[in-house]
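Notes to accompany the following structure.
The values are calculated or read from the model by the stated rules, or taken from the named source; none is laboratory data. Predicted, not measured: the structure shown is a model, and the values here were computed from it. With ideal geometry, Cβ positions are generated from the backbone for all residues, glycine too; neighbour counts draw on all protein chains shown.
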């Protein structure tokens, strides 16, 4: 393949991947606790050039277009927004995840939109039981619920205030599973998490930046398409002239 065409096509493939990541981020700009994804790029087939048909001094390098080398997650904190719901909880820093019991095992999330199911079990927005700092589900008796800044869940009844459990906030290495859930390795419960009750953490996606990136990607893709057409036309003219 023509070197110029190869370079343009390589860039177009990278732009398509960037488009997929950006549109997914934008679609989750209002998802509670969502963490934006990003891409890292590098030159494909970077080659060192030398003068005198390769026998002279180095005169620079030539790449064959950028290709994505990996996807990463931006774990910076999103904005905390008050809701007034006593069961809504937001983590106040970048570290830590809530733990939930799913049909496929324990998973983690930053979505603190909790509620009680018909059995009085604390669950997340998908209906999965929220786990305490010992890895157990939390059953909440009837009463006025309060959640402290350290995650202590207590209930006020006619007999007084009863401490039920400490909502688990876990640190470790997290990887996205989908549906706003993460897998975790090397996880352990934080002894003194910092939480805000009656509030939720918003998505950390910068919607304006994402929209700007979409425009940029579209323009770059169109330029690469035009470059492929021009290089193909030039190659055909060269072949006709040589023929």
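Key figures for this structure:
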{"read-out": "Residues located in the stretch 178-215, provided they are surrounded by 15 or more Cβ atoms within 10 Å (Cβ to Cβ) and assigned to a strand (DSSP E or B)", "value": "181, 182, 183, 184, 187, 189, 195, 196, 197, 199, 200, 201"}
{"read-out": "Residues located in the stretch 142-159, provided they are part of a loop (DSSP other than H, G, I, E, B) and touching a residue at least 12 places away in the same chain (Cβ under 8 Å)", "value": "142, 143, 148, 149, 150, 151"}
{"read-out": "Output for the stretch 83-120, where each listed residue is free of Cβ contacts under 8 Å to residues at least 60 places away in the same chain, in a strand (DSSP E or B) and either crowded, with 16+ Cβ neighbours inside 10 Å or in contact with a helix residue (DSSP H, G or I) (Cβ under 9 Å, 6 or more places away or on another chain) (or both)", "value": "101"}
{"read-out": "Residue match in the stretch 67-82 (condition: over 30 Å from residue 9 (Cβ atoms), more than 21 Å from the chain's Cα centre (by Cα) and either surrounded by 15 or more Cβ atoms within 10 Å (Cβ to Cβ) or modelled with pLDDT of 95 or more (or both))", "value": "yes"}
{"read-out": "Index of the failed condition, residue 147 passing every other in (1) within 20 Å of residue 181 (Cα to Cα); (2) in contact with a strand residue (DSSP E or B) (Cβ under 6 Å, 6 or more places away or on another chain)", "value": "(1)"}
